[in-house]
Amino acid sequence: MGLFDAVVNKTNKTVASKKLSSKNKKTPKNIIKKNNSNKTNKKISKKIIKKVKLDKESKKLISNKKKIVIKEWVKTRVEGFDELLDKGIPKNSSILLSGGPGSGKTIFGLQTCYFNALKGKKCMYMSFEESIRELKEHMKVFGWDYEKVKDKMELVKQEPFRISRYVEGLLAKAKGELLEDFNPKIFPKNFKPEILVIDSLSAIESAFFEKEDNYRIYIEQLFNYLDISGVTSYLITEIQQEFRNFNTKTGVEEFLADGVFVFYNTRRQDLKERSCEVLKLRGVNHITRIVPFKIVDKKGIVVYPEERTFNDVEGEQ
Ligand SMILES: Nc1ncnc2c1ncn2[C@@H]1O[C@H](COP(=O)(O)OP(=O)(O)OP(=O)(O)O)[C@@H](O)[C@H]1O
Ligand SMILES: [Mg+2]
């Protein structure tokens with residue numbers, strides 16, 4: 001059974017525990033722990049405890065696996081980018097793709113999905129912004145034929161408000177209790193991707209308008225879920241385009257992510273230059289320089305790891 005199956009089964013278990021717990025109003029519905037949880041835990045039937053234990057064991061197994069077993073590596077397959085990384089990205093990592101508006105985040109996400117799908121990897125592009133039609137149009141511009149990969153590359157459009165409403169409902173039911181685990185409502189049941197792109201966390205965040213705490217809870221749960229699902233994920237976040245300065249709004253995403261790739265689109269006088277960097281990638285030896293890249297018609301992103309940026313050259317003069 002794959003790790004993703006474990007998660008799907010886990011979701012089924014959650015449904016089962018929901019049914020069992022409906023007789024006991026104080027029993028948490030979605031494996032929810034109370035702050036003073038001893039009393040509550042005693043009330044959970046043995047059957048549920050068994051299921052919860054199983055979940056914890058599988059979590060432990062996975063975290064041990066991460067620590068001990070030689071990692072499998074995932075390539076971005078974005079031209080030039082993998083040369084910034086020693087062997088690639090450790091499988092099951094969560095990577096933030098961050099940058100200002102128009103910096104190339106969506107193109108990077110589509111490109112990594114497309115070229116991995118061509119190599120037979122199952123990929124899912126989950127858009128909270130652009131429609132499936134728009135995504136297909138982007139791909140066409142760069143000469144990526146969606147028909148070639150349609151069995152391996154799933155494009156999904158979701159409404160960010162669906163997420164915020166779900167979290168709100170769940171928190172209202174929990175009545176101040178702590179959510180330990182829940183389904184972040186992003187995976188269709190019939191597709192188990194090896195690579196997932198979420199475009200974007202910023203769109204999801206905007207649906208949590210004036211409820212930033214709920215967004216933080218969702219993000220923590222999302223990262224937990226991605227961690228046990230086995231998927232390698234890219235989470236797009238829009239940041240303010242200050243000169244080579246990186247900060248997400250809440251700060252929680254970069255703390256939870258295993259890696260952060262940043263895309264810049266900077267201006268010096270009348271010259272504009274695209275550049276990118278691997279800001280962090282846990283457990284990987286990587287190039288730490290900011291390197292130039294271009295977005296090329298009929299091709300997509302091309303990174304030039306050997307070249308220096310205009311700003312680097314200018315700084316030396
Ligand atoms: N065919 C092309 N050739 C060259 N550059 C292009 C081409 N198509 C798009 N671009 C550039 O790519 C940019 C858009 O890239 P992308 O959609 O990946 O940005 P993004 O970071 O996802 O932006 P947003 O935050 O708005 O979603 C455009 O602003 C344009 O400068
Ligand atoms: Mg985009």
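Numbers for the structure displayed
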| read-out | value |
| --- | --- |
| Among 262-269, 142-149, the order from most to least packed when residues are scored by Cβ within 10 Å on average | 262-269, 142-149 |
| Sequence-distant residues sharing a close amide H with residue 264 (under 5 Å, placed H) | 275, 276 |
| Cα gyration tensor shape for the range 72-316, rounded if a/c is under 1.5, else prolate or oblate | prolate |
| Distance histogram in 5 Å bins (all Cα pairs of the range 104-240, percent per bin) | 2, 10, 20, 21, 19, 13, 8, 4, 2, 1, 0 |
| For the range 72-316: relative contact order, % (alpha-carbon pairs under 8 angstrom, 6 or more apart) | 29 |
| Largest-first principal axis extents, alpha carbons of the range 202-307, Å | 42, 32, 27 |
| Entries of 189/211; 122/211; 75/294; 87/150 with Cα pairs more than 26 Å apart | 189/211; 122/211; 87/150 |
| Rounded, prolate or oblate (a/c below 1.5 giving rounded, otherwise prolate when a/b exceeds b/c) for the range 76-116 by Cα gyration tensor | prolate |
| Share, in percent, of DSSP beta bridges within the range 72-316 that are antiparallel, nearest 5 | 40 |
| Out-of-range pairs (alpha-carbon distance over 19 Å; input 140/299; 91/136; 157/299) | 91/136; 157/299 |
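Each value in this text was obtained by applying a stated rule to the coordinates, not by laboratory testing. The structure presented is a predicted model; accordingly, all values stated were derived computationally and were not measured. Cβ coordinates were reconstructed from backbone atoms using ideal geometry, including for glycine residues, and neighbour counts include every protein chain displayed.
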